[in-house]
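Data block below; observations after.
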Amino acid sequence: MRKALRWLLALMVLIGTLSTAGAATAATPEAVDIKDRLLAVPGMSLVEEKPYPGYRFFVLNYTQPVDHRHPEKGTFQQRITVLHKDVSRPTVFYTGGYNVSTTPGRREPTQIVDGNQVSMEYRFFTPSRPSPADWSKLDIWQAASDQHRIFTALKKIYGKKWISTGGSKGGMTATYYERFYPRDMDGVVAYVAPNDVVNDEDSAYDRFFASVGTKECRDRLNAVQREALVRRAPLEKKYEAYAAENGYTFTTVGSLDRAYEAVVLDYVWGFWQYSLLSDCASIPADAATATDDEIWNSVDAISGFSAYADQGLATYTPYYYQAGTQLGAPTIHFPYIEKKYVRYGYQPPRNFVPRDIPMKFQPRAMHDVDAWVRHNARHMLFVYGQNDPWGAERFRLGKGAKDSYVLTAPGLNHGANVAGLVADQKALATARILDWAGLPAPTASQARPLAKFDPRLDVRDVEREPALRP
């Protein structure tokens, strides 16, 4: 009997020991430092960690296949950042569609859900570019597959709900990711995302510019743009001196004359993309009597005379490549400028990409995405600015869409956001984002961002496209 009791006691001790060991093993991931957990992901390496109160911020490289269909054919290092708050919080997956910032910053959905943020540099934007660069591997499916691999790797660490977001090209990117991998994200917040379904039909932009803002403001802008072309000769001499002083060349676009006209034709578009109606007071009131310097300074402040120099184009080669192969590019007309002053018109993306990079347009790419969004959107929010030219061709929802919304912020430009919506729409959007993130949300009218506004993390410039056009 005593032997049996001793045996039973020993068995209970053994079971207790195993249970304790199991509990310790299960708790181990929670005890491991988040940096070590991130670096334990195969293919992940640390570039640097930057301190920020209340967060850990990491700049990382992640090994990606150049071609997700044939991963054996080479890899490249893709830069990402992680703004870590807590693994118990939801995570926002952000990309602007261009280079990633290596300074801690928080996108609006991240503030709303008070969560973590993973930010991805878009493939082929340096330094996230394969070498040698096979440009045929720069397309929306390959980029969506980059996001899918990052999400799959990090979901093991950040196990709560995920929401993807981005502005402008980043909003397009978030939408394409949802189209190709609809089971990854729990919600999508796409800001000011253009949707150029039929590349050769751009009359929506002409209608937009005929009615945006006020007639007084439109007349001021149109007059300055026209005057810059009327005075092409003296202003191009100024441009030549400016280019010489800064070492600018024009091999890609073809000539300084082509670059000059491209900058001038961006002027009206650029104003409405980046400025508010109240900024019209800064535009010369009488272009005909303005000095050459006044015309030059106004155009330079809005369009930027460096934009179409080789040095200005180089950073955005991946964007122009995609505009000319899948995304499409707007073309607008200038009925208030006599034809004799416009030599080239809006130039195609091909003119802004080095000629040794082959390009062929794929007209079905945007048709496919547009049809998918109309009929399959789920937990998707599109936010546009009333005075943003890019919103003239936007995503729209069909009968198949579920719990999805297209909202417009009155008077706002390419920086439109949820905070700029009218009160009831702002509350609705905030409530839906919280719900998609798996957070208990009050009634829609009471929904508020969960994190306090931080002027260092939450203040940012308007999403700036390269020179506002293809």
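The values are calculated or read from the model by the stated rules, or taken from the named source; none is laboratory data. What you are looking at is a predicted structure, and each value in this text was computed from that prediction instead of being measured. Cβ: placed from backbone, ideal geometry, glycine included. Neighbour counts: every protein chain shown. The area values use the complete protein model at the heavy-atom level, side chains included, leaving out ligands, DNA and RNA. Shrake-Rupley method; radii C 1.70, N 1.55, O 1.52, S 1.80 Å.
Within region 219-238, the residues that satisfy the criterion of being in contact (Cβ under 8 Å) with a residue 12 or more places away in the chain, part of a helix (DSSP H, G or I) and either over 17 Å from S298 (Cα atoms) or of a type in the set (D, E, K, R) (or both) are R220, R226, E227, R232, E236, K238.
So, in region 28-64, of the ones that are charged (D, E, K, R) and part of a strand (DSSP E or B), which residue ends up nearest to I157 (Cα to Cα)?
R56
The single condition among (1) open to solvent by less than 10 Å² (accessible area, probe 1.4 Å); (2) more than 15 Å from L381 (Cβ to Cβ) that D184 does not satisfy is (1).
Against the numbered list (1) open to solvent by 30 Å² or more (accessible area, probe 1.4 Å); (2) over 21 Å from the mean Cα position of the chain (by Cα); (3) under 30 Å from L265 (Cβ atoms), D202 comes up short only at (1).
I'm trying to understand the selection: among the residues of region 120-129, which are crowded, with 24+ Cβ neighbours inside 10 Å and not hydrophobic (A, V, I, L, M, F, W, C)?
Within region 120-129, the subset crowded, with 24+ Cβ neighbours inside 10 Å is 120-122.
Selection gives E121, Y122.
State whether one or more residues within region 297-306 are at pLDDT 95 or above, open to solvent by 30 Å² or more (accessible area, probe 1.4 Å) and among the aliphatic types (A, V, I, L, M). For region 297-306, residues at pLDDT 95 or above, open to solvent by 30 Å² or more (accessible area, probe 1.4 Å) and among the aliphatic types (A, V, I, L, M): present. Here region 398-436 is the region considered, the condition is being assigned to a loop (DSSP other than H, G, I, E, B), of a type in the set (A, V, I, L, M) and touching a strand residue (DSSP E or B) at 6+ places or on another chain (Cβ under 6 Å), and the residue that is surrounded by the most Cβ atoms within 10 Å (Cβ to Cβ) is A416. Of the candidates Q117, Q78, Q111, the single residue that is surrounded by 21 or more Cβ atoms within 10 Å (Cβ to Cβ), farther than 23 Å from G187 by Cα and of a type outside the set (A, V, I, L, M) is Q78.
Look at region 358-370: where a residue is under 25 Å from F382 (Cβ atoms) and in a helix (DSSP H, G or I) and a partner is open to solvent by less than 40 Å² (accessible area, probe 1.4 Å) and small (G, A, S), sitting 6+ places away or on another chain with Cβ atoms under 7 Å, you get M366/G328.
The listed residues are A259, A241, and the only one of them that is of a type outside the set (K, R) and touching a residue at least 24 places away in the same chain (Cβ under 8 Å) turns out to be A259.
Across region 371-387, the number of residues qualifying as in a helix (DSSP H, G or I), open to solvent by 40 Å² or more (accessible area, probe 1.4 Å) and under 29 Å from Y274 (Cα atoms) comes to 1.
Can you find a residue that is under 28 Å from S211 (Cα atoms) and open to solvent by 30 Å² or more (accessible area, probe 1.4 Å) anywhere in region 247-262? Checked against the condition, which is being under 28 Å from S211 (Cα atoms) and open to solvent by 30 Å² or more (accessible area, probe 1.4 Å), region 247-262 yields no hits at all. Can you confirm whether V189 is within 28 Å of the chain's Cα centre (by Cα) and part of a loop (DSSP other than H, G, I, E, B)? So V189 fails the test.
List pairs: first residue in region 35-51 and closer than 17 Å to F76 by Cα, second residue in a strand (DSSP E or B) and among the basic types (K, R) anywhere in the structure, Cβ distance under 8 angstrom, at least six positions apart or on different chains. Here the result reads V47/R79, each pair linking region 35-51 to a residue that is in a strand (DSSP E or B) and among the basic types (K, R).
Would you say F361 is closer than 14 Å to G167 by Cα and hydrophobic (A, V, I, L, M, F, W, C)? Outline the logic, then answer.
On the way: closer than 14 Å to G167 by Cα: no; hydrophobic (A, V, I, L, M, F, W, C): yes.
The answer is no for F361.
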